[in-house]
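Let me begin by presenting the structure, written as structure tokens, before commenting on it.
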Amino acid sequence: MSKRQRIIPVWLGILVFLVAFIAGAVSKFAIQPSWAKEYSAKWSDEIGTLTTDLPYGEGDEQKFDLYLPKDNSREAYGLAVYLHAGGFTSGDKSDDRDMLAWLCKKGYVAAGINYTLARDLGGVSSNGASVYTQSNEIKAAIPEVIKAAAAAGYPIDKMTIAGGSAGHALAMIYSYRDAKEAPVPVVFTFGAVGPSCFYREDWDCYGMTGEDEQSYQITMAMFSAMLGELIPIERVKDGSYLEMMKPISAMEWITPDAPPTVVAYGTYDRVQSFKASLRLKAALEKNGVDFRYFEMPHSGHGLQNDSRIQKQWIMAIDKYLDKYMPL
Amino acid sequence: MERNKKKAIVLAVIVMIGFVLGRLAVRAFLNMLLGGTLFGGNIL
């Protein structure tokens, strides 16, 4: 003992350990994989022109940001919409500025769209906002985005819509449910960890799977909040709630005409149901859609532990963009 | 000289252990919030 103390005083050992521990913790956030820089960009005037908070409706949150590429000489442009994450209750279009800047840098007109956030998901939201109303807001916003781009001299002839988590859910709803009414063809959709369907037996992360009163109540509260309409508990019990959930269940709208799709999910997701993503995968397969499905076997909702597969996922997105949204 | 060498080795080991545990602590915290495994996938 005395010998060790003579080499390194205990206080010095503890101090060095603490500094190294903090450095290790900070490095987890500060050090990004080298490949990540290729698929992200810091916005600057060199990339193009950014116009923020353009309205598409009367609501305070019904606004979008429009990213126009520097080159304005082309006859037509592809539009890339990216919808923000935040559990349908938080987040902002500015959160995805690096992603939108990257898409714009590639040569697309890019847009981040806000939607009216639900006050909570523990019951029907006090402001009436739900996944259903949000999906309709996105549907209403797209024609306005396209009009604004055209007015600025960037006519749009096709589009992709994408997002993360809640934004991914909304992007999939637009792609599979609403694309046939879109002003331009929706040629591709991508994203990660978005809930695509609401079979309660899949949602073990929230304790909905049991055949007991508490499980029924949790299902009723959470799914009613998402739908924006009270689901009678009898309908939870007899399974007919699934028909009610269809308007916000993107997977249920997949047909052979669904746009090509690239998605990623974490096996251990505790925020939304991983099992639901397997139904999405099966529906895409069954309908012969051109898709790539990436499972991150060590990750959860943040896809945080599988950098190698994350790279494959983003490379697939890039490849599909080049294929379906050629510049 | 020998003493300084031993001191440097001990300090380096402490730094490595602290650094690795710092990264693992963040991973464990994120896993608690989002889901995920403590080992596998990314090296740390």
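Bear in mind that the values in this text are calculations on the coordinates, not laboratory data. It should be emphasised that the depicted structure is a prediction, and the values quoted were computed from it without experimental measurement. Cβ placement follows ideal geometry from the backbone for every residue including glycine, while neighbour counts extend to all protein chains displayed.
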Check your understanding: Which FRET efficiency, nearest 0.05, do A:E229 and A:K286 yield, Cβ-Cβ r, R0 35 Å?
Key -> 0.75
Point to revise | Exposed-site-free run, longest, chain A (rule: GluC sites (Glu not before Pro); DSSP loop; at most 12 other C-beta within 10 Å) | key: A:76-210
Exercise for review: Evaluate peptide A:260-267: per residue, the Cβ atoms of other protein chains within 10 Å of its Cβ; return the mean as an integer.
Suggested key: 1
Point to revise | Taking segment A:1-104 and dividing mean pair separation by its residue count, relative contact order in percent (alpha carbons under 8 Å, at least six apart) | key: 26 percent
Review point. Using a Gaussian network for chain A with springs between C-alpha atoms less than 10 Å apart, which of these wobbles most: A:A36, A:A258, A:A20?
Key: A:A20
Revision key, fill the gap. With a ≥ b ≥ c from the Cα gyration tensor eigenvalues, square-rooted, and the rule rounded for a/c under 1.5, otherwise prolate when a/b > b/c and oblate otherwise, chain A is oblate
Check your understanding: Okay, helix-only estimate at 222 nm for chain A: each DSSP H run of n ≥ 4 adds -39500 (n - 2.57), divide by all residues, round to 500 deg cm²/dmol; what do you get?
Key -> -12000 deg cm²/dmol
Review point. Once amide H atoms are built 1.01 Å from N in the peptide plane, which residues 5 or more positions from A:A80, or in another chain, come under 5 Å H to H?
Key: A:V109, A:A110, A:A111, A:T160
